[in-house]
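To start, the structure under review is shown below, and the notes come after it.
The values are calculated or read from the model by the stated rules, or taken from the named source; none is laboratory data. Predicted model only: the values in this text are computed from it and were never measured. Neighbour counts are summed over all protein chains in view; Cβ atoms, including those assigned to glycine, are modelled from backbone coordinates with ideal geometry. To get the accessible areas, we keep the full protein, side chains included, count just its heavy atoms, and leave off ligands, DNA and RNA. Shrake-Rupley method; radii C 1.70, N 1.55, O 1.52, S 1.80 Å.
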Amino acid sequence: MRRTTHRLRTLGTLLLLLAFAASLVPNSLNSTVQTTSAASREPVRARHGVVASINEVASKVGVDIMKRGGNAVDAAIAVAVALAVTHPAAGNLGGGGFMMIRLKDGRTTAIDYREMAPAAAHRNVYLDKDGNVIKGEGGSIEGYRAAGVPGTVRGMELALKKYGSHKLTWAQLVEPARVLAANGIKVTYNLARGLRGNNDYLSKYAETKRIYLNNGNFYNEGDLFRQPDLAATFARLQRGGPNEFYEGQTARMIVDDLKAHNGLITMEDMRGYVAKEREPVRGTYRGYEIVSMPPPSSGGAVLIEMLNILEGYDFKKMDWASSDRYHLMTEAMRRAFADRAEYMGDTDFVKVPIAGLIDKNYAAQLRKSIDPNRASTSEQVKAGKPTGYESDETTHFTVVDAEGNAVANTYTLNNSFGSAAVAKGTGIIMNDEMDDFAAKPGTPNMFGLIQGERNAVAPRKRPLSAMTPTFVLRKNGSLWFTVGSPGGPTIINTVLDVITNVIDYNMNIQQAIDAPRIHHQWLTDELVYEPYGLSGDTQKSLTARGHKLNDKQRYLGDCEGIMIEEKTGFRLGAVDPRRSDGPAGGY
Ligand code: GLY
């Protein structure tokens, strides 16, 4: 498994997290904790609209669109295409994702623009003649054969048609990205670090190397990075509209180059791509409504299953940093991820018992299997019986406009820089989303995730995702906050952490995002935690209960969120100190 190489951060950020951990005075199980104070920046406060993304330039593009009369959906579309320029590891035209939209009148919808398997893909397409999973070139991770049919452009088209303000055209929304690609962007510290860290990967294919290396050398922080091929692609998309990507010259360029490299995607696949509107999955946590992404994402259902389990415990009586809380969080994660492996897949192809998985009675049954003093082993915890991975470089951004429309969008190339294959002449890096299928059900993918038969490869099917763009509503039904993250399977647990931090520990959106996180995904049976995230005493206590701690600490996710301040209506934008290269944008 290739990992994003760098999780180093500025000393300042480390100190912030240390200060945060230190400020949480451990309490016994029975003492009451009302609030948690943390050393954390204030979120960006905006009276009208706010955009929180990993990249400051892209966030400003979204703010500018809102200032020109666009709504949150218009802004999100402009941010999505801008991130394809400024954050090429995950921002994309060659990938796919999910956009959750909540309109000012309270209607909520989910746009599914996940990649689709090409027609030539079949159950064993990534197995060799001996039935083993193909590693490297020709497999589901690396190179031209790993790409599913990209959905981003169709997804943006659908969102714009149905939910845009119609004050700005498609061409106007694409224009800022075209200008950034044509004129070049200043390489940020994060971009330089990402390009260097992925140097071997980006050097595998001549076209990719030509674009992402500076005449064979590294781009350094502060250098100008121009992407003229990508700018020309944007110009074609402006002239021809989204159809150009699927039926025009861009489609032909993608298909011809993939064909030359043993890829699977044909013109028919491109023409046949459809973005779909889906009904969000809904649950409650302590009376607050949770609205999240349904299949083909596992994110919403697994999140709600975990929240339902945790609702049975009184976190207000447990210190935030206590091993009691970590123990229960881990046990909830273990059980919901076991169900994910067994039950989840594309509901256009397989039956998934969503209603059963998010049922409160089912959670109560699962809770009975949790010993408050002892870790289960993942061997014991098989999937229950409900009725009825980023390197994990995905990226999340969120927008709230002046009228109260909101977008939570997570999209991805899967791996950092996707398959590392750029379609010649287009500047478009292709996804390796086919690895989110179970290449061989029962064997782990690049995130170590075990996946079942329901997620086997099939023509035109969508691979299972963990992306979890989510809205949390106040008890009066108004929007409280939006949240989401990259991180492969860690995404769902990052969103869980942030939601419980806010609801159970009264953190504001920035504190909730900054706070250290944990991750458990059933198999591998290990508890992952962040540098400085667990005190030595807590580690000892968790180990004594039987938890297996992964000692290779790493930062988890890159969560962006927006909270609406109840008294003032101000929009509070928060970006994650783990990876973002600038503050949220607002006005
Ligand atoms: N490729 C990461 C996800 O969809 O969950």
### Message
Whether any residue in the stretch 490-509 is within 18 Å of the chain's Cα centre (by Cα) and over 20 Å from Phe471 (Cβ atoms) is what I want to check.
### Response
yes
### Answer residue from the stretch 269-319, given it is touching a Pro at 6+ places or on another chain (Cβ under 9 Å) and over 18 Å from Ile492 (Cα atoms) and is modelled with the lowest pLDDT among those
Asp319
#### Entry: Selection from the stretch 421-440 of residues that are modelled with pLDDT of 95 or more and either surrounded by fewer than 24 Cβ atoms within 10 Å (Cβ to Cβ) or more than 13 Å from the ligand (Cβ to nearest atom) (or both)
Ala421, Val422, Ala423, Lys424, Gly425, Thr426, Gly427, Ile428, Ile429, Met430
### Message
Quick test for you: out of Ala192, Ala232, Ala177, pick the one residue that is farther than 28 Å from Ala119 by Cα, in a helix (DSSP H, G or I) and open to solvent by 40 Å² or more (accessible area, probe 1.4 Å).
### Response
Ala232
### Message
Please go through (1) modelled with pLDDT of 95 or more; (2) touching an Asp or Glu at 6+ places or on another chain (Cβ under 7 Å) for Ile141 and return the number of the only condition it doesn't satisfy.
### Response
(1)
### Boolean, Gly155 is in contact with a strand residue (DSSP E or B) (Cβ under 6 Å, 6 or more places away or on another chain) and not polar (S, T, N, Q)
yes
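Would you be able to tell me the number of residues in the stretch 19-61 that are among the small types (Gly, Ala, Ser), surrounded by fewer than 22 Cβ atoms within 10 Å (Cβ to Cβ) and at pLDDT below 95?
8
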### Query
What are the residues in the stretch 546-563 that are farther than 29 Å from Asn190 by Cα and crowded, with 18+ Cβ neighbours inside 10 Å, if any?
His547
#### Entry: Qualifying position, being open to solvent by 30 Å² or more (accessible area, probe 1.4 Å), in contact with a helix residue (DSSP H, G or I) (Cβ under 9 Å, 6 or more places away or on another chain) and part of a helix (DSSP H, G or I), among Asp339, Asp324
Asp324
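One line per residue, one yes/no per condition, for (1) out of contact with any helix residue (DSSP H, G or I) (no Cβ under 8 Å at 6 or more places or on another chain); (2) part of a loop (DSSP other than H, G, I, E, B); (3) buried (at least 24 other Cβ atoms within 10 Å of the Cβ):
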| site | (1), (2), (3) |
| --- | --- |
| Ala363 | no, no, yes |
| Arg367 | no, no, no |
| Lys382 | no, yes, no |
| Thr410 | no, no, yes |
| Asn414 | no, yes, yes |
| Thr443 | yes, yes, no |
### Message
Looking for something of a type outside the set (Gly, Ala, Ser), out of contact with any Pro (no Cβ under 8 Å at 6 or more places or on another chain) and open to solvent by 40 Å² or more (accessible area, probe 1.4 Å) - is there at least one such residue anywhere in the stretch 148-157?
### Response
no
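In this structure, does Met270 turn out to be surrounded by fewer than 24 Cβ atoms within 10 Å (Cβ to Cβ) and part of a helix (DSSP H, G or I)?
Yes.
Yes/no per residue for (1) open to solvent by 20 Å² or more (accessible area, probe 1.4 Å); (2) of a type outside the set (Asp, Glu):
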{"site": "Glu279", "(1), (2)": "yes, no"}
{"site": "Pro294", "(1), (2)": "no, yes"}
{"site": "Lys316", "(1), (2)": "yes, yes"}
{"site": "Gly345", "(1), (2)": "no, yes"}
{"site": "Asp371", "(1), (2)": "yes, no"}
#### Entry: Single match in Thr412, Thr387 (criterion: of a type in the set (S, T, N, Q) and at pLDDT below 95)
Thr387
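For the stretch 478-571, please list each of the helices (runs of 4 or more DSSP H) lying entirely inside it that holds at least 2 residues being within 16 Å of the ligand (Cβ to nearest atom).
490-505
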#### Entry: Hits in the stretch 240-267 - residues which are part of a helix (DSSP H, G or I), closer than 14 Å to Val153 by Cα and not aliphatic (A, V, I, L, M)
Gly240, Pro242, Asn243, Glu244, Phe245, Tyr246, Glu247, Thr250
